[in-house]
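Encoded as structure tokens, the structure appears first; notes follow it.
Here, each number is a calculation from the coordinates, and none is a lab measurement. Source: prediction; values computed, not measured. Cβ placement follows ideal geometry from the backbone for every residue including glycine, while neighbour counts extend to all protein chains displayed.
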Amino acid sequence: MLNQRPMEKDDLFKLEFLQAGRLSPDSKTVVYAISRYNAQDDKDYINLWLVTPATKTTRQLTFGKVVDANPQWSPDGKTIAFISTRAGAPQIFLLPVAGGEAKQLTTLKQGVGGGPVWSPDGKRIAFTAGAAPEAMPDRTKPYRLKRKVYRFDAMGYLDDALQDLYVIDVAGSAPRRLTRDGYLNVSPQWSPDGKELLYLAMMSPDTPRFQAGLRAVTLDGQKRDIVWNWGTVMMAKWLPSGKQIVFAGQPLDAMMGANNDLYVIDAAGESGGAQPIKRTGTSAVGLGGGLQGDMPSAPLYADGLHILDDHTALVRVQAAGALTIQRIGISGGDSVETVVAKPDASVMLLDASSTHMLYAQSSFNNPTQLVISDIEGSSEQALTSLNQQLLSERQQPTVESLTVTSADGTGIDAWIMLPAVGKPPYPTILYIHGGPWGAWGNIFSFDFQMLAGAGYAVLFVNHRGSSGYGEAFGTAIQADWGNLDYQDHMAALDLVIANGQADPDKLGVCGISAGGFGTCWMVGHTDRFKAAVPENPVTNLLTIYGVGDIGEVMARFMGGKPHEVYDNYRRCSPVTYAHNCQTPTLLIQGEMDFRCPAEQSEQFYTILKDNGCKVEMLRLPGSPHGGSIAGPPIIRRAQNEALLEWMNRYVLGK
């Protein structure tokens, strides 16, 4: 098409992103949220929209420089509750669907943390909130830490960030606080009779981060354990009868990389002697999983569990390089059935009713669109056409799927994104995903688009240890990071060079988190790359066990604690080999990253400096672990510009 040009780094701030979507109670209308960048303020704002699929009519519900998030329909479909910053701290507002101004419901000084969640009768709303400002400790004075996990990424010190459950009458009254126990209490769900709230209790003062329990609390604050000291509960829902509860998670003894499964437990819970029953025993890949996208879009992180009736659940499932929707039988024999799976896109379940499903759809070249279908996944209708004009004016890269044979004969999925400009063989960037129990796949990544727009091919590989391929694949690098995963990446790189797609003399490597680990590992073991950009990397497994917020996860990955399997930590740490590095390396580090703290980058930086390797470090003030993906524009812009400039300088010699 005439007048098309490649994607450029500043195009990120011209894109609109889907942030939420909910079906009305009769499934005839959909409310959704869209974020847009405001150049004058250098901020993102979110507004709400309404669409009627039958007539294809759309109208904007909220306006202005505000963040209006998480819209939820009242049971009668007449009111939408949402969280908004229009009054300063986030508060719950109620908006009449028929028209009129939004009414503020909560006035907490500290603001609202999560929710809103309507009661079945529509008379109350549950939500979560932190401590009031006057109850917060003064961190300018000396203080003690007592928690096992005392700080957490994107939250800070946990004593300052705990959440409790509240209920407020829609007619208006002071909210009632239902919990006060030193836990991070989140994701409230009303029981069908409206007498209890189911919720996740996390961040116990004495247990690891990933040991999350499931509790229920009555409206007068009486708690009981549903699933406790069992393992990690990720999400949960009541069945319509109220007799059972469905949840997804892993038992405590599961290896990192093992499948997550769906379980059912009687509503009496562990307090009443009930035990979980697995419902996904025949599933090869389990539940959940997630593809690493590079875009600030909330559906990437939606829980994806919806109950249709007492016998059936819909769940999001990653299968290889795609997100799908599957139907799981809750009663009777094992039943796992794929309902929506696409060869050229991923789908992220947002909502479901007895007649319809609502999901976000993303692909390599399109961020997110909102789609509705019938309950069987047929009669699809796109409800949005976000970014259509901008994308029509950009040259689209092409993506080829690759089947890689690794050194030991194992088949590995990989893809190469080929630029619309230039000729092969292309300068090529190996981009390594995080996790390592994570994956690449058919989902939008702005970094990929930006690099392809600058003339690079981008190679991305689902190495062993990735999610979406079953337990044997996901646990293959247990206590052996840097071995099979390294071999898989090298085999993929050799393949695209042999295919004439990648220029062997113009190679770069990059990645965030465990992708940063892989990047640092690469440059300590090979000199075939001209440039490296590890972001928020893991470089020393011994020290991250103590300073990271998920140290016990490292112990699960390594097969024990450092004093038990010391050599595993030393052998699998990139700092052990950093003195070999001759590759110009730019470390990008969020200064408020508590997942992979700055000392991980600093150790690697110092060793490279001391051994004469070209190295620089970009510091991102106030940025947590994922700040360059979903953080403020100033942080996302800095990462984009630095990544491109470093590759251009050392891969292309510009």
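How big is D, in µm² s⁻¹, for the stretch 390-650 by Stokes-Einstein at 10 °C and 1.306 mPa s if Rh is the Kirkwood radius over C-alpha pairs?
87 µm²/s
Mind jotting down the three principal axis lengths of the stretch 421-493 based on Cα atoms? Whole angstrom, largest first.
For the stretch 421-493, the Cα extents along the three principal axes come out at 41, 23, 14 Å.
When the Kirkwood hydrodynamic radius is evaluated over all pairs of different C-alpha atoms of the stretch 291-386, what value in angstrom, to one decimal, is obtained?
Result for the stretch 291-386 stands at 13.6 Å.
For the stretch 368-441, report the translational diffusion coefficient in µm²/s to the nearest whole number, using Stokes-Einstein at 37 °C, 0.692 mPa s, and a Kirkwood Rh over Cα pairs. It would help to have the intermediate numbers written out before the result.
Numbers: Rh = 16.4 Å.
Stokes-Einstein gives a translational diffusion coefficient of 201 µm²/s.
Note down the nm distance, to one decimal, between modelled labels 7 Å out along Cα→Cβ at Tyr577 and at Gln60.
Distance between the two pseudo-spin positions: 5.3 nm.
Only one of the listed values, (1) -0.53, -0.87, -1.05; (2) -0.69, -0.89, -1.01; (3) -0.44, -0.76, -0.96, was derived from the coordinates as log10 I(q)/I(0) by the Debye sum over Cα atoms at q = 0.07, 0.09, 0.10 Å⁻¹; which label is it?
(3)
So, how do all the Cα-to-Cα distances of the stretch 94-194 break down into 10 Å bins, in percent, from 0 on up?
Reading upward from the zero bin: 13, 40, 28, 14, 4, 0.
Could you please state, rounded to a whole Å, how far the C-alpha centre of the stretch 308-337 is from the C-alpha centre of the stretch 574-614?
Computed from Cα coordinates, the inter-centre distance equals 43 Å.
Sorted from largest down, what three extents in whole angstroms do the Cα atoms of the stretch 141-289 have along their principal axes?
The Cα atoms of the stretch 141-289 stretch 54, 40, 27 Å along the principal axes, largest first.
As a test, work out the antiparallel percent of DSSP beta bridges whose residues both lie in the chain, rounded to the nearest 5. Numbers along the way, then the final one.
Working: 120 of 148 bridges.
Of all bridge pairs located within the chain, approximately 80 percent are antiparallel.
In the stretch 469-590, what is the volume of the convex hull around the alpha carbon atoms, normalised per residue and reported in Å³?
Values: hull volume 13.8 nm³, N = 122.
Taking the convex hull of the Cα positions in the stretch 469-590, it is 113 Å³ per residue.
Can you show me the helix-derived [θ] at 222 nm for the chain, built from DSSP H runs with n ≥ 4 at -39,500 (n - 2.57) apiece and divided by the number of residues, rounded to the nearest 500.
-4500 deg cm²/dmol
Around Gly288, what is the net charge, scoring Lys/Arg as +1 and Asp/Glu as -1 over all other residues with Cβ under 9 Å from its Cβ?
Local net charge: 0.
Once the other residues with Cβ under 12 Å from the Cβ of Val170 are scored (Lys, Arg +1; Asp, Glu -1), what is the net sum?
Taking every Cβ under 12 Å from that of Val170, the sum is +1.
Loop by DSSP (not H, G, I, E, B), at most 13 other beta-carbon atoms within 10 Å: where is the longest site-free stretch of the chain for chymotrypsin sites (Phe, Trp or Tyr not before Pro)?
No qualifying site falls inside 144-654, the longest such stretch.
For the stretch 398-411, take each phi angle, set θ = phi - 60°, evaluate the Karplus expression 6.51 cos²θ - 1.76 cosθ + 1.60, and give the result in whole Hz per residue in order, putting x for glycine and proline.
These are the phi-based 3J(HN,Hα) values: 9, 10, 10, 7, 10, 10, 9, 9, 6, 4, 9, x, 5, x Hz.
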